[in-house]
Amino acid sequence: MRNVLAHAGKSGRRVVSAFIATAFAQETPQAASTQWRAVADQIRPKVPKLAAIMDDAEPDVLAYMTFPREHRAKLHSTNPIERLNGEIKRRTEVVGIFPNDDAILRLVGALLLEQNDEWAVQRARYMTLETISQMSDDPLISLPAVAR
């Protein structure tokens, strides 16, 4: 979004932001894609470079729409990932110099496992196994979260 708004100019940022928000408000991936293209076409005469960026970015920007509806609000924000990256950076800076690549992998792997455990037991879970299993044809991933 920041990349797009940088090309909109100061006076047009609010309008462009509102136009783009209409694509994110759509119910289905197809409707979002149609709206995204309509916005790009509306912007094209005045800011062709911005429209070209939107054309190139469409699959990446709207990728989250392929996930179940329950996940979309969580995927729309990068805050959890940014926080996790910050924690990894903080912990690796404490160590300073690692003796080898395996040491880095062990530390980062342990941090990722710890974060996964925290997310799994949170009261308001980030994503539940039940909703994730709906997205996969793999029988192991499609197993129920709790043994019956």
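The values are calculated or read from the model by the stated rules, or taken from the named source; none is laboratory data. No experiment lies behind these values; they were computed from the predicted model shown. All Cβ positions, glycine included, derive from the backbone under ideal geometry; neighbour counts span all protein chains shown.
Collect the residues in the range 24-81 that are in a helix (DSSP H, G or I) and in contact (Cβ under 8 Å) with a residue 40 or more places away in the chain, keeping them in residue-number order.
Selection gives PHE24, LYS49, LEU50, ILE53, MET54, ALA57, GLU70, HIS71, LYS74, HIS76, PRO80.
Is at least one residue of the range 33-53 β-branched (Val, Ile, Thr), more than 30 Å from ALA8 (Cβ to Cβ), over 16 Å from the mean Cα position of the chain (by Cα) and surrounded by 10 or more Cβ atoms within 10 Å (Cβ to Cβ)?
No, the range 33-53 contains no residue that is β-branched (Val, Ile, Thr), more than 30 Å from ALA8 (Cβ to Cβ), over 16 Å from the mean Cα position of the chain (by Cα) and surrounded by 10 or more Cβ atoms within 10 Å (Cβ to Cβ).
Scan the range 82-107 residue by residue and report those that are outside any helix (DSSP H, G or I) and surrounded by 10 or more Cβ atoms within 10 Å (Cβ to Cβ).
Across the range 82-107, the qualifying residue is only PHE98.
Looking only at the range 1-32, how many residues end up being exposed (fewer than 13 other Cβ atoms within 10 Å of the Cβ), under 22 Å from the mean Cα position of the chain (by Cα) and of a type outside the set (Lys, Arg)?
9
Kindly check whether there is at least one residue in the range 108-129 that is more than 20 Å from PRO29 (Cα to Cα), at pLDDT 90 or above, surrounded by 12 or more Cβ atoms within 10 Å (Cβ to Cβ) and touching a Lys or Arg at 6+ places or on another chain (Cβ under 7 Å).
yes
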